[in-house]
Structure formats: structure tokens, C-alpha cells
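Colleague: I have a structure here, written as C-alpha cells, and I will follow up with some questions on it.
The numbers here are math on the coordinates, done by the rules we state, and not lab data. Quick caveat, the model's predicted, so the values are computed rather than measured. Every residue, glycine among them, receives a Cβ derived from its backbone with ideal geometry; neighbour counts consider all protein chains shown.
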Amino acid sequence: MLTGDNHGTAQAIGKQIGVTRVQSELMPADKLNYIKSFTKKHGRVAMVGDGVNDAPALAASTVGIAMGGAGTDTALETADVALMGDDLRKLPYTIKLSRRALTIIKQNISFSLGIKLLALLLVLPGWLTLWIAILADVGATLLVTANGLRLLRVKEDD
């Protein structure tokens with residue numbers, strides 16, 4: 001945990017949330033240096049912050065996560081992700097949902113391109129009429145929309 005809070009407060013909060021390594025009384029530049037060193041050592045680093053002091057470190061991290069409800073505008077604008085509920089326990093759900101969304105986006109692109117390619121192949125021999133083209137386009141729209149709606153079934157406890 002990297003914090004600008006005094007040592008006693010930082011240790012108490014770290015103990016309460018189960019964090020064993022706590023760095024306290026840090027300035028924004030200190031947090032940035034820690035993030036840079038973690039990135040060199042581990043490759044990818046996520047940073048969670050809520051204040052103006054966290055903005056440089058959020059920007060330097062691989063993924064910056066702002067605590068939206070209590071966070072400052074600077075932290076929200078700098079971060080890649082904003083947790084509006086201010087509950088870090090929702091972070092695994094957010095990651096799972098984003099991974100599923102990326103999978104569905106890739107599927108939808110494949111479906112759309114496949115239908116367009118099929119339509120193109122039907123144009124060459126002259127088999128594609130205007131009505132079939134319209135039905136194919138509407139069908140593709142309905143298919144990708146229905147596929148995207150599968151994200152509504154993603155639950156936190158899956």
C-alpha cells in the first residue's frame with residue numbers, strides 16, 4: 001500500500017485490510033517512483049487511487065483504477081477504470097466482465113465480417129438481391145445484438 005497518510009494510520013488501515021507491505025507519508029513523486037520500479041520488476045502493475053496525489057502513479061501504471069465515488073476529478077480522468085461504487089471487492093467482477101466483453105466484441109466482429117463476406121460471394125454470381133441483402137444486414141444486426149446481450153447474464157459470483 002502506497003499512501004500519503006501518516007505512518008500510524010497507514011499501518012492500521014493496512015492491517016485492517018490485510019496488506020503486509022505499507023509505505024506511508026509518500027509524496028506523489030514517491031508513489032510514481034514505486035510504480036515505475038514495480039513495472040520494471042514485474043512488467044504489469046495496477047494502481048488504485050482516489051486523489052490528486054495518485055494521478056501521476058495512475059498514469060504510469062499499466063492499469064490505473066480510480067475509486068469513483070470518493071475520487072477526485074483528476075484521478076478519474078487519469079485512470080483507465082473508475083469503480084463508481086468505491087468497493088475494491090468488485091474489481092474481480094470488473095475484470096471478468098471486461099474479459100467477457102472483449103470476447104463477445106471479437107465474436108461480433110467475426111459474425112459481421114463473415115456475413116458481409118458471404119453476401120459479397122453471393123453478389124459475384126448475381127444471386128444476391130436487394131431484399132436478401134437487407135435481410136442479411138438486419139440479421140447481422142440482430143445476431144450481434146443478441147450476442148452482446150449475453151453480458152447481462154454475467155454475475156459477480158460466477
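Colleague: Stretched out fully, how many nm does the piece from residue 117 to residue 80 gain, at 0.36 nm a residue minus the Cα gap?
Modeller: 9.8 nm
Colleague: Taking 7 Å along the Cα-to-C-beta vector as the label spot, tell me the residue 100-residue 7 distance in nanometres, rounded to one decimal.
Modeller: 4.6
Colleague: Arranged from highest to lowest average of other beta-carbon atoms within 10 Å per residue, in what order do the peptides 27-37, 97-107, 51-61 appear? Don't skip to the end; give the middle numbers.
Modeller: Details: 27-37: 16.5, 97-107: 13.1, 51-61: 21.9.
Taking the mean over residues of other Cβ atoms within 10 Å, the ranking is 51-61, 27-37, 97-107.
Colleague: List the trypsin sites (Lys or Arg not before Pro) within segment 117-158 that fall in a DSSP loop (any state other than H, G, I, E or B) and whose Cβ has at most 11 other Cβ atoms within 10 Å.
Modeller: Answer by residue number: 155.
Colleague: Okay, next question. Hey, got the dipole for the chain? About the Cα centre, +1 on K and R Cβ, -1 on D and E Cβ, debye to the nearest 20?
Modeller: Computed about the Cα centre, the dipole is about 760 debye.
Colleague: Same structure again: Cα axis of helix 28-42 to longest principal axis of the chain: angle in degrees, 0 to 90, nearest 10?
Modeller: Value to nearest ten degrees: 60.
Colleague: Something else about it: Write out the chymotrypsin sites (Phe, Trp or Tyr not before Pro) in segment 90-158 meeting two conditions: DSSP loop, and at most 12 other Cβ atoms within 10 Å of their Cβ. Mind showing how you got there, number by number?
Modeller: On the way: sites: 93, 111, 127, 131; in loops: 127.
Here the sparse-neighbourhood loop sites are 127.
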